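Only one structure is covered here, and it is reproduced in the block below.
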Amino acid sequence: MCCDLKRRFLLLYATQKGQAKAIAEEIWQQAGAHGLEADMHCISEMDKYNLETEKDPVVIVISTTGTGDPPDTARKFVKKIQDTTLPPDHFAHLQYGLLGLGDSEYTFFCNGGKTVDQRLQELGAQHFYDTGLADDCVGLELVVDPWIDGLWLALKEAFKLQKERESMSSDVDGVSSSLSAAPQIVHELNLSSEVQNLKLEDKELRSSDVLTQKLVDINLVASTGDTEPSLVRSVPPLSQSALNIPALPPEYIEVQFQDTHGENPHLSSLISEGTTFEVPVTKAVQLTSKDAIKTALLLELDIADTDFDYQPGDAFCVICPNNVNEVEELLQILGLSEKGECFVCLKVKQGTKKKGATHPQHIPERSTLKFILTWCLEIRAIPKKAFLRALVECTSEVGEKRRLQELCSRQGASDYTRFIRESNVCLLDLLHAFPSCRPSLNLLIEHLPKLQARSYSVSSSNLYQPGKLRFVFSIVEFPACPTRPVSQKGVCTGWLAELVAPLLHPNKNTPDTEGGSPSIEKISIFARPNNTFHLPADPSVPFVMVGPGTGISPFIGFLQHRQKLREEHTDWEFGETWLFFGCRHQDRDYLFKDELRCFLENGTLTHLKVCFSRDSSTAEVAPPKYVQDVIRLYAKEVARVLLTERGYFYVCGDKKHMADGVSDAVVDILSTEMEVDKLEAMKILAMLREAKRYLQDVWT
Ligand code: FAD
C-alpha cells in the first residue's frame with residue numbers, strides 16, 4: 001500500500017455479551033500490522049463519532065439478541081437511522097463493511113446486523129466489502145476469520161477509491177458513480193497474506209509462529225502409532241504440516257495479590273443491565289418422575305418485598321456461580337490454592353501492545369481470587385483460538401505444545417471444530433489433557449469471557465399469585481466423554497438443582513435441615529425486559545399456544561392470568577384458547593398435567609392437544625408424535641383462529657427443530673386453507689410475525 005494513503009477507518013461494535021467487542025478488538029489489533037489505524041468505539045458512544053460526516057471507511061461488528069433484536073447498546077443508533085424522515089441519500093457518502101453475529105438456532109438469524117445493513121443501504125451507504133454473517137451455532141470463527149482476512153484488501157481498495165474521490169473533488173457526481181460501481185471484494189484465504197501479517201508483527205514472535213519445518217518429533221503421534229486423531233493426538237497430514245498460527249495476543253493484565261481483608265462486592269455490582277434483587281426460593285417441585293430422561297424442576301421465588309415486577313411471558317435472569325469443585329480444581333492446577341481468599345488487584349500492564357487495553361469490566365476493582373473464578377469468568381467457555389495460541393507459550397512439553405499450535409492453526413481448523421468446539425472442551429479439560437500447560441492467572445482473566453446470567457421464562461401470573469414468581473427448567477446434563485471422564489451438569493441448572501435439593505427432599509437429614517425446616521436459600525435475579533411475548537391486549541382475541549416440554553412454562557403463566565381475569569371480569573368476552581403440548585412419556589414428563597386439567601374444566605383452556613413421542617401405541621393408526629404433527633390435524637381451526645379471527649400464535653420451547661417444524665406446519669396449513677402456493681404462504685407467515693401475531697420464545 002502506498003504510504004501516503006490515508007489509513008484511518010472507523011470501527012464500530014454493538015455487543016450484547018462481549019463477542020462483537022472482542023472481534024472488533026481483534027480487528028483493531030490486526031489493523032496495526034496492516035499499517036492501518038482503527039478508530040474504535042462502541043456504537044452507543046454516539047458523541048465520539050459522526051456517520052453524517054464520516055469520510056473514512058466504516059467497519060461495523062454487530063451481534064443479535066433476543067428474538068432477532070440488535071443488542072441493547074445499538075438501540076439508540078438503530079432508532080436514529082430508522083427515522084423515516086431521513087432522505088434516501090442520507091449516507092450516500094458512506095462506505096462500510098458489516099459483520100453480523102448470530103445463532104442459526106434462532107429464527108431471526110443475524111437479524112441485528114441485517115437490520116442495520118438494510119437500513120444503511122436504504123439510506124444510500126455503499127458496501128466496500130461483502131457483509132459477513134457468522135453463526136455461533138457452528139462456530140463464529142468459520143466466517144469471522146476469513147472475513148477479517150479479506151477485510152484488509154477490501155480496505156485498501158476502499159482507501160484507493162477514497163483517494164480518487166478526494167482528488168476528483170470537483171466532480172462529485174463522477175466520483176460517487178465510481179463508488180457505486182466498486183466491486184464488492186470477496187477474498188480467498190491467502191497463506192502469503194497471513195505470513196505477511198505475521199511479518200509485520202514483532203519479529204521475535206514471528207520466528208516461533210510460522211512453523212515452516214515439518215515436525216517429526218511429535219511423540220504424541222509417533223509413540224502411540226494410533227491412526228485416530230483426538231484432542232491430544234494428531235495424524236498426518238496435519239501432524240506433518242507446516243502451520244500458520246495466529247499472532248500471539250499481547251498480554252495486558254497484571255495481577256497483584258493483596259494482603260488485605262474485607263468483603264467481596266455485592267453481586268449487583270456485576271450487572272450493568274439494571275437492578276438486581278436477592279430473593280428467597282420458597283418452593284421447589286420436581287415436575288418429572290424419577291425415571292424421566294430429563295429432570296424438570298419448578299422453583300418459586302418470593303418477590304413480595306421487592307420492586308420486581310413482571311408480566312406473564314416475560315423472562316428474567318438468574319446470576320449463577322461456577323461449580324465450586326471446578327473452581328477449587330482450577331486453583332489447584334494453577335498452583336493458587338493458597339491464594340483463593342486473597343484480594344486481587346488488576347492493572348493494565350505498562351507498555352502492553354494491546355491497543356486500548358482496559359480493566360475488564362466484568363471483574364470488580366477489588367475482590368478475592370475465588371470470587372473472580374466463581375462469579376465473574378465463564379470457566380466452562382469453549383476456548384477460542386487466540387486463547388489456545390496464548391496457552392502454547394505456557395506449555396513445556398514439546399508434543400503438547402505442537403498439538404496446541406495445530407489446534408489454533410489454519411491447517412488444524414477442522415480439528416479445532418471437532419475436538420474443541422463440537423466436544424465442548426473447556427479450560428479444565430485442556431489442562432487435564434495437556435498437563436504441562438500451566439497458564440498464569442492473568443491469561444485466564446484476559447481470555448475467559450464474562451460469566452453470563454441465565455435467562456428463564458416466568459411460569460406464573462402476578463395476578464394469580466401476587467408476590468410470587470415461578471419458573472421451570474430442565475437440569476442440563478452432559479454425559480462423560482473421552483475428554484471428560486465424569487458427567488457434568490449445566491452451570492446454572494446444576495447449581496440451582498443442588499441449591500434447592502433440601503427443599504425437594506425436606507426430610508433428608510442434611511446439615512441445612514438440622515433441627516427443622518430447610519434453610520431458605522436466596523438467589524439474585526434481574527429483569528430481562530423484552531418483549532412482545534405477552535397475552536393479546538384484547539381478551540376476546542383467540543390464541544394458540546405451542547409449548548412442548550419446558551416450553552409450556554410461560555403458558556402456565558398465561559393461563560393463570562386468564563383464569564384470574566375470567567374470575568374478576570365475568571362480563572368480559574374471552575377468546576378461545578388452544579394449547580398444543582408434547583413430551584416423551586405420558587407418565588414421566590407430562591408437566592402440569594393436573595393444572596391443565598383444571599384449566600380445561602373451568603373453561604380457561606378451551607382445547608388441549610397432547611402427544612407423547614416415545615410412548616408405544618397399539619392403535620391401528622399411529623398417533624402423532626410431535627406437536628407439529630398434531631397442529632396439522634387441526635389445520636382448519638388454526639387457520640380460522642389466525643386468519644378469520646385475527647388471533648395470536650405463540651411458540652415456546654428449547655429446540656430449533658421444534659420451532660422450525662411448527663412454522664413449516666403453519667406454512668402448509670396457510671397454503672392449503674388459503675389455496676396459495678408455499679411461497680405465498682411463507683409471505684403470509686412473515687406478515688403475521690411482523691404484526692407480532694406469530695410469536696416465538698425459543699431457546700437452545
Ligand atoms: P450451560 O452450562 O450454560 O450449558 C448449556 C449449553 O452449553 C448446552 O446446551 C450445550 O450447548 C453447551 N455445553 C456446555 N458444556 C457442555 C458439555 N460439557 N457438553 C455438551 N454441551 C455443553 N431454559 C429452561 O429450562 N426454562 C426456561 O424457561 C428458559 N427460558 C429461557 C428464556 C430465554 C429468553 C432464553 C435466552 C433462554 C431460556 N432458557 C430456558 C435457557 C436457559 O437460559 C439456559 O440456557 C439453560 O437453563 C441452561 O443453562 P445452564 O447454565 O445450566 O447450562
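A few remarks follow.
- Residue within the range 414-423 that is over 21 Å from the mean Cα position of the chain (by Cα) and buried (at least 18 other Cβ atoms within 10 Å of the Cβ) present: yes
- Any hit, the range 624-644, residues being outside the structural domain of D103 (by the TED database), surrounded by fewer than 20 Cβ atoms within 10 Å (Cβ to Cβ) and within 16 Å of the ligand (Cβ to nearest atom): no
- Flag for F434 being aromatic (F, W, Y), more than 19 Å from A22 (Cβ to Cβ), away from the ligand (no atom under 12 Å from the Cβ) and surrounded by 19 or more Cβ atoms within 10 Å (Cβ to Cβ): yes
- Residue in the range 52-60 that is under 18 Å from the mean Cα position of the chain (by Cα) and of a type outside the set (S, T, N, Q) present: no
- Strands (runs of 3 or more DSSP E) wholly inside the range 273-322 that include at least 2 residues being more than 27 Å from the chain's Cα centre (by Cα): 276-286
- Test for F574: is it hydrophobic (A, V, I, L, M, F, W, C), more than 14 Å from I552 (Cα to Cα) and not in a strand (DSSP E or B): yes
Condition check ((1) at pLDDT 95 or above; (2) touching a Leu at 6+ places or on another chain (Cβ under 7 Å)) across all residues:
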position: G412; (1), (2): no, yes
position: R418; (1), (2): no, no
position: A433; (1), (2): yes, yes
position: Q452; (1), (2): no, no
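- Here the condition is being in contact with a Pro (Cβ under 9 Å, 6 or more places away or on another chain) and among the aliphatic types (A, V, I, L, M); of V610, V666, V630, it holds for V630 alone.
- Pick from the range 473-496, criterion near the ligand (Cβ under 6 Å from one of its atoms) and of a type in the set (A, V, I, L, M, F, W, C), ranking: nearest to E567 (Cα to Cα): F473
- Q121 passes every criterion in (1) over 14 Å from the mean Cα position of the chain (by Cα); (2) buried (at least 22 other Cβ atoms within 10 Å of the Cβ) apart from (2).
- Residues located in the range 104-157, provided they are in a loop (DSSP other than H, G, I, E, B) and either basic (K, R) or under 22 Å from L388 (Cβ atoms) (or both): D136, C137, V138, G139, L140
- Complete set of residues in the range 645-654 that are crowded, with 17+ Cβ neighbours inside 10 Å, assigned to a loop (DSSP other than H, G, I, E, B) and away from the ligand (no atom under 16 Å from the Cβ): G647
- Here H657 clears all of (1) within 16 Å of the ligand (Cβ to nearest atom); (2) touching a residue at least 40 places away in the same chain (Cβ under 8 Å) except the condition numbered (2).
- Residues in the range 665-700 that are assigned to a helix (DSSP H, G or I) and within 25 Å of the chain's Cα centre (by Cα): 3 in all.
- Contact map, the range 405-424: first residue over 17 Å from D135 (Cα atoms) and hydroxyl-bearing (S, T, Y), second residue outside any loop (DSSP other than H, G, I, E, B) and away from the ligand (no atom under 16 Å from the Cβ), Cβ cut-off under 7 Å, separation 6 or more or different chains; pairs are S409/L243; S409/N244.
- Verdict on G467 being in contact with a strand residue (DSSP E or B) (Cβ under 8 Å, 6 or more places away or on another chain), more than 10 Å from the ligand (Cβ to nearest atom) and not polar (S, T, N, Q): yes
- Subset of the range 289-338 [of a type in the set (S, T, N, Q) and within 16 Å of the ligand (Cβ to nearest atom)]: T295, Q311, N322, N323, N325
- Residue match in the range 637-657 (condition: touching a Phe, Trp or Tyr at 6+ places or on another chain (Cβ under 8 Å) and more than 27 Å from F109 (Cα to Cα)): yes
- All of D589, D615 fail the test of being charged (D, E, K, R) and either outside any loop (DSSP other than H, G, I, E, B) or buried (at least 22 other Cβ atoms within 10 Å of the Cβ) (or both), apart from D589.
- Residues located in the range 389-401, provided they are in contact (Cβ under 8 Å) with a residue 40 or more places away in the chain and either in contact with a Phe, Trp or Tyr (Cβ under 9 Å, 6 or more places away or on another chain) or within 16 Å of the ligand (Cβ to nearest atom) (or both): L391, T395, E400
- Evaluation of G356 against the conditions (1) among the small types (G, A, S); (2) on the phi > 0 side of the Ramachandran plot; (3) buried (at least 18 other Cβ atoms within 10 Å of the Cβ) shows that the sole unmet condition is (3).
Per-residue answers, yes or no, for (1) at pLDDT 95 or above; (2) of a type in the set (D, E); (3) farther than 22 Å from V641 by Cβ:
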residue	(1), (2), (3)
R566	yes, no, no
T570	yes, no, yes
E573	yes, yes, no
L579	yes, no, no
L596	yes, no, no
S613	no, no, yes
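- Of all residues in the range 316-335, none that is farther than 17 Å from F371 by Cβ has its Cβ atom under 6 Å from the Cβ atom of a residue that is away from the ligand (no atom under 15 Å from the Cβ) and of a type in the set (D, E), 6 or more apart or on another chain.
- Any chance W578 is surrounded by fewer than 18 Cβ atoms within 10 Å (Cβ to Cβ), aromatic (F, W, Y) and at negative phi: no
- Candidates in the range 323-336 are the residues that are crowded, with 17+ Cβ neighbours inside 10 Å and in a loop (DSSP other than H, G, I, E, B); of these, the one that is nearest to the chain's Cα centre (by Cα) is N323.
- Candidates I363, I372, I333, I382: the one that is under 19 Å from V144 (Cβ atoms) and either among the β-branched types (V, I, T) or in the same structural domain as C137 (by the TED database) (or both) is I382.
The values are calculated or read from the model by the stated rules, or taken from the named source; none is laboratory data. Note that the structure is a prediction, hence the values are computed from the model and not measured. Every residue, glycine as well, gets a Cβ built from its backbone with ideal geometry; the counts of neighbours run over all protein chains shown.
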